[in-house]
Amino acid sequence: MKLNDISTSVPKKDHKGKVSGQLPYISDVKVENMVYGVLYRSPIAYGKISTIQLPNLPAGYEVVGSEQIPGPNYVKIIKEDQPIFASEWVNYIGEPILMLVGKELNTLYRLLNEVKIEFEEHQAIYTLEDAIYRKSESGVTMASYEFGESLEIISAIEHGAHQIIEEEYDTGYQEHVYLEPQGMLALYKDDEIIVQGSMQCLYYIKNALLSALACGEDEVRVIQSATGGGFGGKEEYPSMMACHVAVAARAVKKSVMLVYDRSEDMVVTTKRHPAKINYRTSLDKDGNILSMCVDLFLDAGANEGLSSVVLQRALLNSAGVYKIPHFHAKGFVLKTNTVPNGAFRGFGAPQSFAGIESHIGHLSKQAKIDPLEYKRKYLVKQGDPTITKGNFRDPVLMEEMIEDLLYSSDYKKKKEDFQRFNQQNQRYKKGMGTSLFLHGCGFTGSGERDHIKATVKLVKTKNDHVSLKISNSDMGQGILTTLCKIVAKELDISYEQVFYPDPDTKEVPDSGPTVASRTTMIVGKLLERAARKLKTQWLSGVEQEVEEHYIHREMIPWNEKTFTGDAYPAYSWGVNFVEVEVDTLTGNVRLEKVYANYEVGKVIDERIMKGQIDGGLAQGLAYGYLEKMTSKQGKIQQKSISDYGPPTSLDVVPIDSKVFDNPYTDGPYGAKGAGELTLIGGAPAVQSAIENALQTSFQQIPITPEVIINSLWTKEGEEG
Amino acid sequence: MITFTLNGRVVETDAPATVRLLDLIRDDFELIGTKEGCGEGECGACSVFVNNLVQNSCLIPIGSIAGANIQTIEGIIETEQFKILDESYSVAGGVQCGYCIPGMIMASAALLSKNPHPSETEIREGISGNLCRCTGYNMIVDAINLAAQKGDGIWQKK
Ligand code: FES
Ligand code: FES
């Protein structure tokens, strides 16, 4: 099939294998001489291991722990603070201490029960509030940044202001619930360990293994197997599992499989960081914003992991899509003795957008202006500076996107209708809410240039088949299809002639991790360039190979110390409108209608884009009112899917979505990132819709039925 | 020894009666299309037909299936119904990571066999026991709707 318009959908490359169930995920793989691993995990939140007592192990069963690690005992991510196997201190409930390996899982579980470890317990930090209170104690603040207008100037402005509004906003955990639980297999060979599994970032894993095994480049190899959803949950976490199975395989000289069951996965793997955000905004007598200060705190859990980078993105989005005069922000990553938090679609931005959209919405009430009207007064335009003195240099289509939704949703009339409905109905209340948001595409600042340095390769065979050699994972988002389309179109060959074999570090260069909405824009652009190069050299019937390397477009240089410059090369944009009906008796929220407009440069495949919109929004909306995870004394309370409550088919409604064209020069065919953007607007839109229905304000997500009922009681109390 | 029919073949096993049907299918019969997403009856990834009714195989001890007729996704791949669903899921864009999909296909086939022309609400109810974290369900709902239209007349015959 020749591709005419790049946006026209094509059959997905992996459709057959997936629809028939015959494409193997890691738990479907069995190899000769394979043993399973199970982990003994810390039952306490903070303390020192004093004694370890192992049961008598039957033949063929072995224990693997920190002594078996050939290299240093940490998972190489950013900081060296995450042990592969805790050997002295434990820092959270669920932290791996040792692994039992052997043939039968049932026997392993029985033996696990017989392991006896004694601890000397210490006083743990269980909550973010506690960590904020103790943030100056040693080791509690793991990272912090501060930038923006000087505090002296702000304090002078506040002095002359008509009013100062302070709000404290809380966001909860979010759990990925990728449908395929985490799984990793290490294949043992005398001269090589091959680690295969569900993952987003092959070279993160490879680098972690090189460190843990203290071995040479050609002694480890990482292969991605079909990945049943990632959403960020398979960004850094799999590195630890890879270290576990690889160290074990080395130690017992057998292939080792580690697959989590759902409850283990829910309790011990990374989640979206809970956050607390404080806003302090000064207003003039008409409710116009004079200045704003934001303090943002992220609960990292027990290890730093990627938290400092998550904090950067959270801070970079702390003013939302608005041009706020005299803006100042600071943020902290704080340690608690709870399960480490990590990457999740949006990467800090969903917390910030939930917060700022909520705050701006509440300010509009002070100004007695419709929230959307108020937001539009502050909307950034092309050429405006960013909060870090960068620049929004490309056209911004937000006004068109908003106008379009005002029209298609019949916003004004709806709001009046709802008001009438609410006056006539005691029990059910309807409301309409909006959210405006953006997402910076690619790594923050100069990350692509300084850290990732992506390389891609195209290999052509004698029969003129072209293969993509890149280290990026298809985890469901569809890059097997979209990236092949880009190459096919650029080479002007048929889509069926282009292949994307399972990435294997022995075969592919490091084109970077599959994160940060960078794959289409950055890797796709490199592939487009590589294809163009191959085309000029094309010799039919001859084997050929081309390579391309990342080229940085210099803008206003990013400075991580001062937090100034262009944080991102480009931004994708979105507007969501949501209509809800709230049952004031039960507190249940029912979505009635969802409208969504996006601008992602250029769509590479319309159907795949719609899949990203529907799936991302379902997660984003649910983050605002359905999905609730809590930790008590360091223990995650929701161990099963139904305890946690991700949306089912009955919770979601059809989504009326549109994507606006606004081609971006440095993206393939003009494409920018899209995967994370779609999640970000869900929660703030649902919050403002619920607020509109109940004529009240919330300072947190998720807004569960319990939160709603409590607020109605409080309101009743106040109204006497 | 437990004897039952698996995808049209009479088979037997001497595995203990408490073994989960899911494990038996996957480990002993090496049929990988039936997936485990939760092991607790909450996600539907492990859906199979037991005497033509869709069930979560992770909740079924094999002791209870003596004499039963079990069908997994592998057992329906050759059917006309599957072909229609396959095509509809492709056209509607219902497949992302794919992990929920075999279970969804089983639930879709079960729904359409019972109700060849379901309404949108009936479709949503029909797949409400099957979790999908990627798609937000709408394109799966579209796929089932499409399969109902395209497969007009084929759902009733067994
Ligand atoms: S694995 Fe059986 S319902 Fe989830
Ligand atoms: S397609 Fe990934 S869970 Fe449904």
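The values are calculated or read from the model by the stated rules, or taken from the named source; none is laboratory data. Remember, it's a predicted structure, so these values are computed and weren't measured experimentally. Here the Cβ is made from the backbone with ideal geometry for all residues, glycine too, and neighbour counts use every protein chain on show. Side chains included, ligands, DNA and RNA excluded: accessible areas come from the protein's heavy atoms. Shrake-Rupley method; radii C 1.70, N 1.55, O 1.52, S 1.80 Å.
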Set A:Lys13/A:Lys462; A:Lys234/A:Lys254; A:Lys453/A:Lys506, cut-off 28 Å on Cα-Cα distance; pairs above it are none
Students often forget the sequence filter, so: which lysines lie under 17 Å Cα-Cα from A:Lys368 once same-chain residues fewer than 8 apart are removed? A:Lys285, A:Lys377, A:Lys412, A:Lys415
At R0 = 56 Å the Cβ-Cβ FRET efficiency linking A:Lys48 and A:Asp661, nearest 0.05, sits at 0.40
Going residue by residue through region A:272-281, the Karplus relation 6.51 cos²θ - 1.76 cosθ + 1.60 with θ = phi - 60° gives ³J(HN,Hα) values, rounded to whole Hz and with x marking Gly or Pro, of 5, 4, x, 9, 10, 10, 9, 10, 9, 10
Residue of B:Thr34, B:Thr72, B:Thr13 that the Gaussian network model of chain B assigns the largest fluctuation, springs spanning Cα pairs under 10 Å: B:Thr13
In region A:3-40, whose amide N lies under 20 Å from the spot 7 Å out along Cα-to-Cβ of A:Lys189? List them in ranges. A:26, A:29-35
Want the number for A:Trp538 to A:Ile556: 0.36 nm per residue separation, take away the alpha-carbon distance, what's left? 2.7 nm
Between A:Asn425 and A:Glu373, what is 0.36 nm times their sequence separation minus the Cα-Cα distance? Round to one decimal in nm. 16.0 nm
Within chain B, what is the number of lysine pairs with alpha carbons under 20 Å apart, leaving out pairs fewer than eight places apart on the same chain? 8
For region A:633-688, which whole percent of the accessible surface, found with a 1.4 angstrom probe, sits on carbon and sulfur atoms? 50
Hand me the GluC sites (Glu not before Pro) from region B:34-135 located in a DSSP loop with no more than 15 other Cβ atoms within 10 Å, in residue order please. B:Glu78
Are there GluC sites (Glu not before Pro) in region A:121-159 that DSSP puts in a loop and that have at most 15 other Cβ atoms within 10 Å, and which ones? A:Glu137
Rounded, prolate or oblate: pick one for region B:35-111, where a ≥ b ≥ c are the square roots of the eigenvalues of its C-alpha gyration tensor, a/c under 1.5 means rounded, and failing that, prolate if a/b is larger than b/c, else oblate. oblate
Taking the Cα-to-Cβ direction at A:Tyr133 and at A:Glu217 and moving 7 Å from each Cα, how far apart do the two end points lie in nm? 5.3
Ordering A:Ser20, A:Ser87 by accessible area with a probe of 1.4 Å, largest first, what comes out? A:Ser87, A:Ser20
Counting only residues 5 or more places away or on other chains, whose amide H sits under 5 Å from the amide H of A:Gln163 once H atoms are built in the peptide plane? A:Leu283
Name the lysines eligible as straight-distance cross-link partners of A:Lys330: C-alpha to C-alpha under 23 Å, and not fewer than 8 places from it in the same chain. A:Lys79, A:Lys135, A:Lys271, A:Lys276, A:Lys375, A:Lys389, A:Lys561
By what distance, in whole Å, do the Cα atoms of region A:274-418 stretch along each of the three principal axes, largest value first? 50, 32, 31
Report the gain in length on full extension from A:Gln163 to A:Glu706: 0.36 nm times residue separation, minus Cα-Cα distance, nm rounded to one decimal. 192.3 nm
Quick one: check the C-alpha center-to-center distance for region A:679-695 versus region B:4-48, whole angstrom. 43
Using the beta-carbon distance between A:Tyr407 and A:Ile78 and R0 = 51 Å, what value does 1/(1 + (r/R0)^6) give for FRET efficiency, to the nearest 0.05? 0.65
Near-label residues of region A:367-389 by backbone N, under 13 Å of a point 7 Å along Cα→Cβ of A:Asn288: A:377-378
Solvent-accessible area per residue for region B:80-150 at a 1.4 Å probe radius, Å²? 28
Between region A:501-572 and region A:149-199, what is the separation of their alpha carbon centroids in Å? 25
By the gyration tensor of its Cα atoms, with a ≥ b ≥ c the square roots of the eigenvalues, what is the shape of chain A: rounded for a/c under 1.5, prolate for a/b over b/c, or oblate? oblate
Pull out a ≥ b ≥ c, the square roots of the eigenvalues of the alpha-carbon gyration tensor of region A:443-588, then state rounded if a/c is under 1.5, prolate if not and a/b is larger than b/c, and oblate in the remaining case. oblate
Net charge of Cβ neighbours under 15 Å - reference A:Thr8; Lys, Arg +1; Asp, Glu -1: +3
GNM result for chain B, Cα springs below 10 Å: residue of B:Gly41, B:Gly33, B:Gly98 fluctuating most strongly: B:Gly98
Report the B-A buried area as the accessible area lost on both sides summed, probe 1.4 Å, in Å² to the nearest 100. 3800
With DSSP loop assignment and no more than 14 other C-beta atoms within 10 Å, the GluC sites (Glu not before Pro) in region A:502-591 are A:Glu543, A:Glu554
Carbon plus sulfur fraction of accessible area for chain B, probe 1.4 Å, in percent: 49
Please find the FRET efficiency linking A:His451 to A:Lys253, where r is the Cβ-Cβ separation and R0 is fixed at 25 Å, and quote it to the nearest 0.05. 0.10
Would you calculate the separation in nanometres between label points at A:Asp492 and B:Lys114, each defined as 7 Å from the Cα along the Cα-to-beta-carbon direction? 5.5
Counting sequence-distant residues (5 or more places) and residues on other chains, those with an amide H built under 5 Å from that of B:Leu6 are B:Val11, B:Ile70
³J(HN,Hα) computed for each position of region A:658-665 - Karplus, 6.51 cos²θ - 1.76 cosθ + 1.60, integer Hz, glycine/proline x: 9, 10, 8, 7, 6, x, 10, 4
